[in-house]
Amino acid sequence: MLKVSNRVTSMELSPTLGMSQKSREMKAQGIDVINLSVGEPDFRTPDHIKKAAFKAIENNFSYYSPIPGFVALREAICTKLKRDNQLDYTPEQIVVSNGAKQSILNVMMSVIDKGDEVIIPSPYWVSYVEIVKLAQGVNVFVPAGIEQNFKITPEQLEAAITPKTKAFLFSSPNNPTGSVYSKEELKALAQVFEKYPDIIILSDEIYEHINYVGKHESLAQFDSIKDRVVIINGVSKGYAMTGWRIGYIAAPLWVAQACSKLQGQMTSGASSIAQMASVEAFNGDQSCTQEMKKAFKQRRENAFDLLKEIPSFEINKPDGAFYFFPDVSKLFGKSCNGQMINNPTDLSLYLLEKAKVATVTGEAFGEPNCLRLSYATSEEIMTEAISRIKNALDKLN
Ligand code: PMP
Ligand code: GLU
């Protein structure tokens with residue numbers, strides 16, 4: 001019988017990209033949808049980075065790159081890690097891939113065997129779970145609700161560890177909650193990991209530059225565990241380069257070598273032109289990241305003031321990334337013309353139909369009480385979106 005593999009059949013579609021596609025289709029039909037679903041900076045890639053790409057084309061960067069990326073790019077990443085994070089890495093420890101998403105897949109495929117457990121704080125980013133499943137690992141969730149600002153405690157982490165635990169995967173600043181772990185909080189987690197030397201720690205730092213509470217803190221700063229930490233990062237969010245598809249790991253040598261081996265059979269090196277543009281992103285003028293952060297911060301203030309006035313939303317002020325993640329459970333049980341709202345998926349569909357605002361259900365992130373709104377859009381559009389949401393909510397009773 002001709003059929004799709006069980007592997008793909010049992011996989012969920014990416015709900016973030018799915019919702020975004022749905023609003024794109026509605027827009028193509030002439031419907032005025034506001035898309036707060038996908039987490040993607042609306043800014044243009046800075047000009048100096050674009051120029052580096054033009055130059056790379058002119059200079060015939062049209063051949064295969066080394067599998068883990070050009071040395072120039074891996075050196076630029078090491079320089080960045082030293083400059084921004086005070087961390088020492090050599091180019092051999094860096095593997096460049098087609099986005100941080102592939103970086104995470106590479107690492108999971110390289111370190112997880114069938115049945116190995118991967119601890120993931122919940123809420124989590126949608127693709128983590130499916131990537132672990134692809135690697136035949138077992139997802140072990142550690143729940144952290146709004147009352148603990150969506151951050152796990154060291155006690156919770158330790159309670160989740162079993163002899164089968166192989167890896168830990170989390171993001172700070174966090175998608176979908178915007179929470180940021182402080183240095184002290186990370187240190188407390190590191191102290192737990194010190195007791196369990198066989199656990200590999202994946203620290204997804206893709207929102208590093210979108211942090212409103214101060215300096216970015218990485219789990220790799222703790223020497224006692226650094227040789228087991230894999231930093232995941234890339235240019236998508238900090239440099240407004242989502243479509244260029246460049247992500248990277250900074251990892252222990254054995255993990256980097258395994259990822260490179262895997263990548264050599266799967267995709268080869270990432271786009272040579274996008275790599276050369278990324279060299280400029282890391283080595284060039286960094287003020288663009290600061291300017292974008294400033295704009296995101298302003299948008300956060302404006303939108304937060306409006307959202308906190310919605311009585312049915314319980315909302316924390318996010319410290320980083322560009323998402324709000326309100327608890328919307330007060331709305332469960334309400335309806336409009338027979339359309340019941342029993343969970344955030346119902347609410348997300350209701351808002352899409354009634355308010356023409358696309359959001360993402362918290363269920364996609366493992367949190368059945370919340371809804372994710374991305375504010376990577378202009379203040380004007382965000383203000384209009386919130387006003388539409390309010391109007392639609394007023395119709396529920
Ligand atoms: N990690 C997190 C937490 C994300 O939100 C994203 C955004 N898609 C990624 C990784 C992957 O980013 P990219 O593949 O665009 O580098
Ligand atoms: N990270 C973004 C999001 O969560 C991009 C979409 C995706 O890759 O899932 O919306």
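The values are calculated or read from the model by the stated rules, or taken from the named source; none is laboratory data. This structure is a prediction, so every number in the text was calculated from the model and none was measured. Neighbour counts are summed over all protein chains in view; Cβ atoms, including those assigned to glycine, are modelled from backbone coordinates with ideal geometry. Note: areas computed on protein heavy atoms with side chains; ligands, DNA, RNA excluded. Shrake-Rupley method; radii C 1.70, N 1.55, O 1.52, S 1.80 Å.
Being assigned to a loop (DSSP other than H, G, I, E, B) and over 14 Å from Ala256 (Cα atoms) is the filter; apply it to segment 76-94 and report the residue that is least open to solvent (accessible area, probe 1.4 Å).
Among those residues, the one meeting the criterion is Leu87.
Okay, residues lined up against (1) within 16 Å of ligand 1 (Cβ to nearest atom); (2) closer than 16 Å to Gly99 by Cβ; (3) modelled with pLDDT under 95:
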| position | (1), (2), (3) |
| --- | --- |
| Leu219 | yes, no, no |
| Val235 | yes, yes, no |
| Gly238 | yes, yes, no |
| Thr242 | yes, yes, no |
| Ile246 | yes, yes, no |
| Ile249 | yes, yes, no |
| Pro252 | no, no, no |
| Ser268 | no, yes, no |
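Consider only pairs whose beta carbons are under 7 Å apart and that are at least six residues apart or on different chains; among these, list those whose first residue lies in segment 171-190 and is within 16 Å of ligand 2 (Cβ to nearest atom) and whose second residue is of a type in the set (Val, Ile, Thr) and in a loop (DSSP other than H, G, I, E, B).
From residues that are within 16 Å of ligand 2 (Cβ to nearest atom), the pairs are Ser171/Ile206; Ser172/Val180; Pro173/Val180; Pro173/Ile210.
Only one of (1) open to solvent by 20 Å² or more (accessible area, probe 1.4 Å); (2) not in a helix (DSSP H, G or I); (3) not hydroxyl-bearing (Ser, Thr, Tyr) is not met by Pro41, so which one is it?
(1)
Could you run through segment 111-145 and say how many residues are outside any strand (DSSP E or B), of a type in the set (Val, Ile, Thr) and within 17 Å of the chain's Cα centre (by Cα)?
Number satisfying all stated conditions: 4.
Out of the residues in segment 276-328 that are within 16 Å of ligand 1 (Cβ to nearest atom) and among the hydroxyl-bearing types (Ser, Thr, Tyr), state the one that is farthest from Ala72 (Cα to Cα).
Tyr323
Which count do you get for residues in segment 183-211 that are polar (S, T, N, Q) and either farther than 28 Å from Gln286 by Cα or open to solvent by 40 Å² or more (accessible area, probe 1.4 Å) (or both)?
1
Could you grab the pairs with beta carbons closer than 8 Å, sequence gap of 6+ or different chains, first residue in segment 334-353 and loosely packed, with under 15 Cβ neighbours inside 10 Å, second one in a loop (DSSP other than H, G, I, E, B)?
Met340/Gly333; Asn342/Phe332; Asn342/Gly333
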